[in-house]
Amino acid sequence: MRDVLIRGGTLVTADGHRRADLLCHDGRIAAIGDNLVADDADIIDAGGCFVMPGGIDPHTHMQLPMMGTVVADDFGSGTAAAAAGGTTTILDFVGPEKGQSPLEALAVWQGWAAKSVIDYGFHMTVSWWDARFADEMATLVRAHGISSFKFFLAYKGGLMLPDEDLIEGFRRCRELGALPQVHAENGDLIAYLQEKLLAEGLTAPLGHALSRPSLCEGEATGRAIALAETVGVPLYVVHVSAAEAVQAIAAAQARGVPVIGETLPGFLAIDDSVYRDPDFDVAAGHVMSPPYRPAAHPPVLWAGVQNGTLSTTGTDHCCFTKAQKRLGRDAFTKIPNGCGGVEERLSVLWDLGVNAGRITPEQFVALTATNAAKTFGLWPRKGGLEIGGDADVIVLDPARTKTLSAVTQHQRTDFSVWEGREVRGVVVQTLARGAHVWADGDLRVEAGHGRYCHRAPTSSPATR
Ligand code: URP
Ligand code: ZN
Ligand code: ZN
Ligand code: ZN
């Protein structure tokens, strides 16, 4: 692999920024300094640009079988799109079927992920619970470096687990030094509201939002925190969309409970008016869980991002085509849940965050890479610009603008929640372990370049 010398840019990490050159050798960051020279290196002129750690998206769903269909992006197209947007690592969720061995499911996901362009790791979805699952968790943590487990408080009759299983699962995480993650929405309340709305004749996508009000998320977030606090294990709350959830997390953090909140760019920018769009494809295109919230919520989420209550951003990339969303023409409960976004996360956060004066470039790096690396056992190899660390590096041109659209994106779908939005601040170069995967607007993907990230336990294992 040829060396790469990035010259003349402003290097930004979570801790600060400086003008310097950066040299990549053998897939690692080899040197940072003034006026670096290198024989026979590819030179990137980063004058006027920011040089930052590649994004880490801690929440994606590639190729996931879901609601009678399969997510439109596989690990090839999805990671190529990620690279085009400046993300160099994803953490995806392995989802065993009910009763399926998590190790067996992992083997399936490993097969699918082999064509990834960028590095990837896995979380494990705890889609069912008994002693066998608990048993295999040890192998997942110790032999496979899967140190985070997602539990669902929603999807009654499906993934939802009762509190007693959550308690057991959280205890097991504590024992193994693993981090429990929660999808926090009250599944019983949602099932009740879905039935009620359908009985009243509301079958349109709007029913999706009305059946999952923010108090369902606030209640479940508070409950998950109470369980984790009692068990004595840290907790990671995925895709926080509601003010009530932000408040529950902030209150826990204030009393010293280690709770980490993740939000998505979409929840910071889009409100629930999208579900009233007369075009079914637009309304259904925004159906995801939790849903976009009334306009009063995004400012509360921004405040949470600014004060650190919410410290990571993912995308929950789970994209479907319009044709797939039409599976729910007759009932909102049949619309596949999920939206895309793995490609747009950095540009949107730069534009709405840094350009709008809400966050600094350092906070941007923390929110898009460093905090996820530290939370999920990837630091210091990833998430920073450390000598000896992986050369996952992006060059962002703050003057370049781009109009986001399904037509120009690399994600394999004909819909974008960002359709028509102009952003200023575009990733012009993406190096994934030193390889040019995105350069000057060209996707130079190499399927299989991505390597599996074996992650360390996220805390010290505890005894019962
Ligand atoms: O609607 C969503 N979020 N789909 C992906 C699965 C999940 O719950 O994260
Ligand atoms: Zn060299
Ligand atoms: Zn979820
Ligand atoms: Zn998700």
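The values are calculated or read from the model by the stated rules, or taken from the named source; none is laboratory data. Nothing here was measured: the structure is a model prediction, and the numbers come from that model. Here the Cβ positions follow ideal geometry from the backbone for every residue, glycine too, while neighbour counts run over all protein chains shown. Each accessible area value is taken on the protein alone, full model and side chains, heavy atoms only, with ligands, DNA and RNA left out. Shrake-Rupley method; radii C 1.70, N 1.55, O 1.52, S 1.80 Å.
Karplus couplings for segment 170-182 from phi (6.51 cos²θ - 1.76 cosθ + 1.60, θ = phi - 60°), rounded to Hz, Gly and Pro as x?
After applying 6.51 cos²θ - 1.76 cosθ + 1.60, I find 5, 4, 5, 4, 4, 4, 8, x, 9, 9, x, 10, 10 Hz.
Would you mind checking Lys115/Lys402; Lys115/Lys156; Lys98/Lys196; Lys98/Lys382; Lys98/Lys334 for any pair whose Cα atoms are more than 23 angstrom apart?
Lys115/Lys402; Lys115/Lys156; Lys98/Lys196; Lys98/Lys382
Just to confirm, what accessible area per residue do you get for the chain at 1.4 Å probe, in whole Å²?
On a per-residue basis, the chain sits at 35 Å².
Distance between Cα centroids, segment 350-366 to segment 39-99: provide it in whole Å.
Going from one Cα centre to the other spans 21 Å.
Please say if segment 356-397 is rounded, prolate or oblate, where rounded means a/c under 1.5 for a ≥ b ≥ c the square roots of the C-alpha gyration tensor eigenvalues, and otherwise the choice is prolate for a/b larger than b/c and oblate otherwise?
Here segment 356-397 falls in the oblate category.
So what are the ³J(HN,Hα) numbers for segment 60-66, from phi and the Karplus equation (6.51, -1.76, 1.60; θ = phi - 60°), rounded to whole Hz, Gly and Pro as x?
Each residue's phi maps through the Karplus curve to give 9, 9, 8, 6, 5, x, 7 Hz.
Could you check the spin-label model distance between Arg132 and Asp188? Points 7 Å from the Cα along Cα→Cβ, value in nm.
Each label point is offset 7 Å from its Cα along the Cβ direction, giving 2.8 nm.
Calculated FRET efficiency, Arg276 and Gln247, Cβ-Cβ r, R0 30 Å, to nearest 0.05?
FRET efficiency, Arg276 to Gln247: 0.70.
Any chance you could get the radius of gyration and Dmax over the Cα atoms of segment 22-126, in Å?
18.0, 58
What's the ranking of 245-257, 396-408 by average number of surrounding C-beta atoms within 10 Å, highest first?
Top of the packing list down: 245-257, 396-408.
With +1 assigned to the C-beta of every Lys and Arg and -1 to the C-beta of every Asp and Glu, and no other charges, what is the dipole magnitude of segment 113-258 about the Cα centre in debye, to the nearest 20?
360
Only Lys, Arg, Asp and Glu count, each charged at its Cβ (+1, +1, -1, -1), so figure out the dipole size of segment 55-375 about its Cα centre, rounded to 20 debye.
120
Once both axes come from the Cα atoms, what is the angle between helix 243-254 and the longest principal axis of the chain, in degrees from 0 to 90, rounded to 10?
70
Return a whole-number percent for the relative contact order of segment 55-375, with Cα pairs under 8 Å and 6 or more residues apart as the contact set.
Relative contact order of segment 55-375: 19 percent.
What distance in nm separates the simple spin-label points at Glu386 and Thr408, each placed 7 Å from Cα in the Cβ direction?
Each label point is offset 7 Å from its Cα along the Cβ direction, giving 3.6 nm.
Work out how much length Ala296 to Lys156 would gain on full extension: take 0.36 nm times their residue separation and subtract the Cα-Cα distance, in nm to one decimal.
Between Ala296 and Lys156, full extension yields 47.6 nm more.
Hey, what do the phi angles of segment 268-277 turn into as Karplus ³J(HN,Hα) couplings, whole Hz, using 6.51/-1.76/1.60 and θ = phi - 60°, x for Gly and Pro?
Residue by residue, segment 268-277 yields 8, 10, 10, 10, 6, 4, 4, 6, 9, 4 Hz.
Placing +1 on the Cβ of each Lys and Arg and -1 on the Cβ of each Asp and Glu in the chain, which of Gly78, Pro398, His286 has its Cα farthest towards the positive end of the resulting dipole?
His286
Which of the peptides 110-117, 263-270 is most tightly packed, and how do the rest follow, going by the mean number of other Cβ atoms within 10 Å of each residue?
In descending order of packing, they fall as 263-270, 110-117.
What's the carbon and sulfur percent of the chain's accessible surface, probe 1.4 angstrom, rounded to a whole number?
Of the solvent-accessible surface of the chain, carbon and sulfur hold 51 percent.
Classify the chain: rounded, prolate or oblate, from the alpha-carbon gyration tensor (a ≥ b ≥ c, eigenvalue square roots; a/c under 1.5 rounded; otherwise prolate if a/b is larger than b/c)?
prolate
With angles folded into 0 to 90 degrees, how steeply does helix 187-199 sit against the dominant principal axis of the chain? Use alpha carbons for both and round to 10.
Result, in degrees: 70.
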